[in-house]
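First, the structure itself, so that you have it in front of you.
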Amino acid sequence: MTIQPYRRHRRHRRQRHDERPNLVLAIGAGLFAVGAIALWQARQRAMRHHRGVRDSAPGRTSRRTYYNGLAVTGRSVTINRPRAELYAFWRDFTNLPQFMENIDEVEVQGDLTSWTIRAPAGRSVLVKTRIVSDRENEQIAWRSVDGSDVETEGKVMLHDAPGGRGTVVEAVIAYRPPGGELGRLIAKLFQAEPEVQGRRDLKRFKMLMETGEVSTADNRKPD
Amino acid sequence: MRALTYHGKHDVRVDTVPDPEIVNPRDAIIEVTSTAICGSDLHLYDGVIPGVLSGDILGHEFMGRVVDTGRDSTLKKGQRVVVPFTISCGACFHCQKQQYSACDNSNPADTQDLTEPVYGQALSALFGYSHLTGGYPGGQAEYVRVPYSDVGPVVIPDGLDDEKVLFLSDILPTGWMAAENCQIEPGDTVAVWGCGPVGLFAVQSALLMGAAQVIAIDHYPHRLDLARRMGAKVIDYRRTRVLEALREMTGGVGPDAVIDAVGMESHGLAVDNVMDTVKQKVGMGADRGHALREAIMACRKGGRVSVPGVYGGFLDKFPLGAFMEKGLQWRTGQTHVQRYTKDLLRRIEEGEIDTTFLISHRLPLEDAPRGYDNFRNNQDEWTKVVLTP
Ligand SMILES: [Zn+2]
Ligand SMILES: [Zn+2]
């Protein structure tokens, strides 16, 4: 059996789709009825090919990373602790700076939260969010409100990992990089960073929850 | 404190650096009493491991006395401990499956980013071994900060000399796991390529596990002699055609299990992974890929291939056909040190295992640079160097 590399296989399939309608047309008008069906089927196939077969992967792994002008990024991590414990820790937003490295300050007033986020060049960015969904031990979602420096929304979802392996934590963040000088600053912070920062923050969350501390190779405490 | 630090290719120095302190609740500070130079330290010394920075403290085989403990450490001041070279949290999925070298948490989040693109997932952190494995300061120093000190360190009863237990930190469990990965059955022949420390401990372990015959392959006369004294039959590959010899020494069948302990003792991420070293003479005088290819060709049908020798990247001309068609099984990995330390300590206490034969040289820490130089350039005589701060 010959196994083709994936890419070549795909190209091969695309060629077949392209050829099919021409072949049908060449058969001629006398076979119009048959040809129309074949043509329609070929178009259906071509359309399906164009749209791609709906797969099981989460949207954040799509090759497309912008939706309606929003950049979307996300990551999941499995943490060897019960769901309720993780939910309770995360739900108290003032806990988050313990593992989110570039958050300087969190201030909570009811369901409004103000986040002071460290930006390059000694600047900081203020993000104000409101909780839009809060399902105990399952999900917390937030969206920015007027007066926030960045338009952003995000959610963290918790579900049991299979086989008693703890909890799968999924975090998804969407944001719209704004304009202006502040925009450039934020873009630098947000375009380069959310994915990297999000990935590292989730890993540090896992460390903290599983081991009670955040791993560091430093031989001395920061001054 | 004084510590052996990296300054560049073939340039290591003993410098004065800041003392470590307790940073995290589960930390302990160890005052080092003995520390060894490992074959894999030579890869750092040769400058072939990326992510080693000037000033980094080397060394991952060490033991000492507990002088300070964090709030959640289970150690007590004054206890003597051997510290495994793998840093493991004890709480993650992998640690709980005793896959300690696959620990999810010990490698800091930012250095995990360096490994993930190369291997798909990051591995556990190691002491004194480049920032690709966490960048933790190493053990060739007066003091070491030991994270997760409630998981790794093995408490040693007074009365057992340092030299009897020091190698629990790495090479003894590594040789043991190499033999365990052979899944030895009564009557089995095990062939071991490379008679460096790990190869020799693999010989010793395979015999303890009941192998009927162990055949060790190298060319250094002194190392072959050590293997013979441990009970192995030996092949000098400069004198003998190895494949034919192994066939004829196993009744035409081939060894039931083969161990590639060449190039060895390297704890990962070497850019000198075969692609680059294929033409270079390393260790045994042949490239590492050669030993592995030869091991696969020699191994009997349905046999086991155990690889404690480290490969960092890609292997050229891997005999995948022979491997697949013969239905070989492959077991490898960085050593899950903590899985073996308790059992091996008991065997040492009961006199079943003696590792002191390996030590050829003892030097003060201040002379460590001389130790590196000789360990690298005088391999037949300098089998193992132990340093005392
Ligand atoms: Zn070592
Ligand atoms: Zn772990």
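Would you please name the residue that is farthest from the other protein chains (Cβ to nearest Cβ), looking only at residues in segment B:136-189 that are β-branched (Val, Ile, Thr) and within 16 Å of ligand 2 (Cβ to nearest atom)?
B:VAL146
A further question on this structure: If you take the residues of segment B:40-54 that are closer than 18 Å to B:LEU114 by Cα and buried (at least 23 other Cβ atoms within 10 Å of the Cβ), which of them is farthest from ligand 1 (Cβ to nearest atom)?
So, considering only residues that are closer than 18 Å to B:LEU114 by Cα and buried (at least 23 other Cβ atoms within 10 Å of the Cβ), the one farthest from ligand 1 (Cβ to nearest atom) is B:ILE49.
Continuing with this model, one more query. Among the residues of segment B:48-73, how many are over 24 Å from B:SER130 (Cβ atoms), within 13 Å of chain A (Cβ to nearest Cβ) and of a type outside the set (Lys, Arg)?
4
Can you tell me which of (1) of a type in the set (S, T, N, Q); (2) over 22 Å from B:GLY139 (Cβ atoms); (3) at pLDDT 95 or above is the one B:GLN338 doesn't meet?
(2)
Looking only at segment A:205-219, count how many residues are in a loop (DSSP other than H, G, I, E, B), within 7 Å of another protein chain (Cβ to nearest Cβ) and within 20 Å of B:LEU126 (Cβ to Cβ). Can you show your working first?
Let us first name the residues in segment A:205-219 that are in a loop (DSSP other than H, G, I, E, B), namely A:212-219.
Pick out the ones that are also within 7 Å of another protein chain (Cβ to nearest Cβ) and you get A:212-213, A:215-219.
If we keep only those that are within 20 Å of B:LEU126 (Cβ to Cβ) too, we end up with A:213, A:215-219.
Residues meeting the conditions: 6.
When B:ARG71 is evaluated against the numbered criteria (1) more than 10 Å from ligand 2 (Cβ to nearest atom); (2) closer than 23 Å to B:VAL17 by Cβ, which criterion, by number, is the only one it fails?
(2)
Moving on. So which of A:VAL169, A:VAL132, A:VAL156 ends up being part of a strand (DSSP E or B) and more than 24 Å from A:LYS203 (Cα to Cα)?
Working: A:VAL169 fails: more than 24 Å from A:LYS203 (Cα to Cα); A:VAL156 fails: more than 24 Å from A:LYS203 (Cα to Cα).
Step by step, each of A:VAL169, A:VAL132, A:VAL156 is checked, and only A:VAL132 is part of a strand (DSSP E or B) and more than 24 Å from A:LYS203 (Cα to Cα).
Right, here's the next one. Would you point out the residue of segment B:112-130, among those that are modelled with pLDDT of 90 or more and surrounded by fewer than 24 Cβ atoms within 10 Å (Cβ to Cβ), that is nearest to the other protein chains (Cβ to nearest Cβ)? Even if it seems obvious, please write down each step before you answer.
Pass one, segment B:112-130, residues modelled with pLDDT of 90 or more: B:112, B:120-129.
Cutting the leftovers down to surrounded by fewer than 24 Cβ atoms within 10 Å (Cβ to Cβ) gives us B:112, B:120-121.
Numbers: B:GLN112: 6, B:GLY120: 14, B:GLN121: 11 Å.
By that ranking, first place goes to B:GLN112.
Counting only residues that are in contact with a strand residue (DSSP E or B) (Cβ under 7 Å, 6 or more places away or on another chain) and among the β-branched types (Val, Ile, Thr), which one in segment B:140-170 is nearest to B:THR341 (Cα to Cα)?
Selected residue: B:VAL154.
What about B:CYS89, is it hydrophobic (A, V, I, L, M, F, W, C), in contact (Cβ under 8 Å) with a residue 24 or more places away in the chain, part of a loop (DSSP other than H, G, I, E, B) and within 14 Å of another protein chain (Cβ to nearest Cβ)?
Here the answer is yes, as B:CYS89 does meet what is asked.
In addition: Which condition number in (1) assigned to a loop (DSSP other than H, G, I, E, B); (2) touching a helix residue (DSSP H, G or I) at 6+ places or on another chain (Cβ under 8 Å); (3) of a type in the set (Gly, Ala, Ser) is the one that B:ALA322 fails?
Unmet for B:ALA322, out of (1) assigned to a loop (DSSP other than H, G, I, E, B); (2) touching a helix residue (DSSP H, G or I) at 6+ places or on another chain (Cβ under 8 Å); (3) of a type in the set (Gly, Ala, Ser): (1).
Given the criterion in contact (Cβ under 8 Å) with a residue 24 or more places away in the chain, within 16 Å of ligand 1 (Cβ to nearest atom), within 17 Å of B:ASN24 (Cα to Cα) and in the same structural domain as B:ARG26 (by TED's automatic domain parsing), identify the matching residue among B:TYR129, B:TYR136.
Exactly one residue qualifies, and that residue is B:TYR136.
Separate question: Go through segment A:84-104 and count every residue that is in contact (Cβ under 8 Å) with a residue 60 or more places away in the chain and part of a helix (DSSP H, G or I).
6
The values are calculated or read from the model by the stated rules, or taken from the named source; none is laboratory data. Keep in mind the model is a prediction, meaning the values are calculated, not measured. Glycine also receives a Cβ, built like all others from the backbone with ideal geometry; neighbour counts cover every protein chain displayed.
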